[in-house]
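Below is one structure, written out as structure tokens; comments come after it.
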Amino acid sequence: MSTSTPRPPSDSRPERTLSAFRPVPRTGVIYVTSEAARLGFSPTSPDWCNLGQGQPETGGLPGAPPRLEAVPIAPDDQEYAPVAGLWELREAIADLYNRLYRRGMPSRYSAENVSVSGGGRAALTRAAASLGQINLGHFLPDYTAYEELLDIFGNFHAIPILLEPDKAYAFSVGDLRREILGRGLSAVLLSNPCNPTGKHVRGEDLAAWVRTANELDCSLLLDEFYSHYVYGIEGDDDGTVTPDRAGAALESAARYVEDVDRDPVLVFDGLTKNWRYPGWRVTWTVGPKSVIDAVASAGSFLDGGGSKPMQRAAVALMNPDHVRSETAALHKVFARKRRKMIDRLKKMGVLIDAEPEGTFYVWGSVAELPAPLADGHLFFRAALAEKVITVPGEFFDVNPGKRRGGRPSRFRHYIRFSFGPAEEVLDRALDRLEAMIARYR
């Protein structure tokens, strides 16, 4: 019989750091849900309220098309999909953009103007890997995942562009021209509508951005994943958009492109938010053919392409009537949730620099709440104790490579609140936050 000391269980051994690997930070949503999981959170926990989530509610909505709940798999679906995506899906996406945004325009998108990928980050990573040795402008605040994306590739230099809360995060075409010329920008990356502020460049302003980018040969990389969640369109703020008017609530830079193969405009979108199928991981890039060739080539070594059966199932979702009906239904629900969250947060003392014109987020300052809730991270920790998840604003202070040093973030007093969850979850979360703040007063 052996008398050797038994080896301790693997979970009791000290964690080893391997010298070949660097620490990779979690993005905002992943970080906050990981911290919540330490306290018992799981996505199926009925007693938790996730106001940190980056996805919309995915169930049926009144007036929306039926949700797809089964995906057939053909024999050849067991094989790899083309890296650029199934041809029939690329054709369907091009046709959707032409019918929604380019009626009567001589320059039209084709399948060759579309690349399909397995998720929004994959689409953005392919584009980033295709950039040359340029200066790339990006805004502060903006989507948390941009931070690592802008740091991992060495070809380009990421140049931050500050948006000011006291100006409601406005950025005019004159500001854009000044930044492009003054900083020597060859490309600008932004989410539009903006995650987290909800600021939305639309209409003639967006048309002017496209014209300026074309004139100055500066590529616009536009993350339009929230482009169906736009508010302030006539008749939609009280949830009255109908399918025949839903086209007014759909906006894309693709509407203002003159020549689809020459204008330096790339649009990123997918089923994740606007179709409310985040788990499908079907996204796309729309732009000039030469750029689509480049991003598809990048996909051949970065990710190898997306899911073939999910792409095939997505073709039916590209029908314009389906898109209009889905958009009208989500507006009816999300406009109501937006109004409720804004009004209740204001009553709690959360300061909102600008009411969101898009997305399903409210970006608010907790600076005037009682201590310790006036700090974004401390607010987040206190809310976790109430089983409510939020996202501290510092995560949106995109700082690739931490080149701006360790000074305090401009957004350390901010929180991003999501009204993506179902309305009953939203009500419960707001009740808990209201009670929590009242206890500190």
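Just a few scattered comments:
- Ala207 under 19 Å from Val265 (Cα atoms) and in a strand (DSSP E or B): no
- In the range 58-99, residue nearest to Thr327 (Cα to Cα) [restricted to those that are among the aliphatic types (A, V, I, L, M) and assigned to a helix (DSSP H, G or I)]: Leu96
- Among the residues of the range 165-184, those that are among the aliphatic types (A, V, I, L, M) and over 22 Å from Gly358 (Cβ atoms) comprise Ile180, Leu181.
- Lone unmet requirement of (1) closer than 28 Å to Ala249 by Cα; (2) small (Gly, Ala, Ser); (3) touching a Lys or Arg at 6+ places or on another chain (Cβ under 7 Å) for Gly376: (1)
- The single residue among Ala429, Ala374 that is of a type outside the set (Lys, Arg) and over 27 Å from Pro62 (Cβ atoms) turns out to be Ala374.
- Hits in the range 373-385 (condition: of a type outside the set (Asp, Glu), under 18 Å from Leu351 (Cα atoms) and free of Cβ contacts under 8 Å to residues at least 40 places away in the same chain): Ala374, Gly376, His377, Leu378, Phe379
- In the range 126-173, the residues that are of a type in the set (Ser, Thr, Tyr) and within 27 Å of Pro392 (Cβ to Cβ): Tyr143, Thr144, Tyr146, Tyr169
- Filtered by the rule that a residue be of a type in the set (S, T, N, Q) and farther than 17 Å from Pro196 by Cβ, the range 132-148 gives Gln133, Asn135.
- Selected residue (criterion: nearest to Leu163 (Cα to Cα)) from residues of the range 386-426 that are in contact (Cβ under 8 Å) with a residue 40 or more places away in the chain and assigned to a helix (DSSP H, G or I): Phe396
A quick yes/no check of all residues on (1) outside the structural domain of Ser186 (by TED's automatic domain parsing); (2) in a loop (DSSP other than H, G, I, E, B); (3) modelled with pLDDT under 95; (4) surrounded by 23 or more Cβ atoms within 10 Å (Cβ to Cβ):
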position	(1), (2), (3), (4)
Gly247	no, no, yes, no
Leu266	no, no, no, yes
Trp275	no, yes, no, yes
Gly279	no, no, no, no
Thr285	no, no, no, yes
Val295	no, no, no, yes
Ala298	no, no, no, no
Ala314	no, no, no, yes
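- Taking the listed residues Leu222, Leu131, the one that is assigned to a strand (DSSP E or B), buried (at least 18 other Cβ atoms within 10 Å of the Cβ) and modelled with pLDDT of 95 or more is Leu222, with no other qualifying.
- Restricted to the range 100-127, and to residues there that are within 20 Å of the chain's Cα centre (by Cα) and part of a loop (DSSP other than H, G, I, E, B), the residue that is surrounded by the fewest Cβ atoms within 10 Å (Cβ to Cβ) is Gly119.
- Lys308 vs. criteria charged (D, E, K, R), outside the structural domain of Leu86 (by TED's automatic domain parsing) and in contact (Cβ under 8 Å) with a residue 12 or more places away in the chain: no
- Check on Pro46, modelled with pLDDT of 90 or more, under 30 Å from Val362 (Cα atoms) and either in a loop (DSSP other than H, G, I, E, B) or of a type in the set (A, V, I, L, M, F, W, C) (or both): yes
The values are calculated or read from the model by the stated rules, or taken from the named source; none is laboratory data. All values derive from a computational prediction rather than experimental measurement. Every residue, glycine among them, receives a Cβ derived from its backbone with ideal geometry; neighbour counts consider all protein chains shown.
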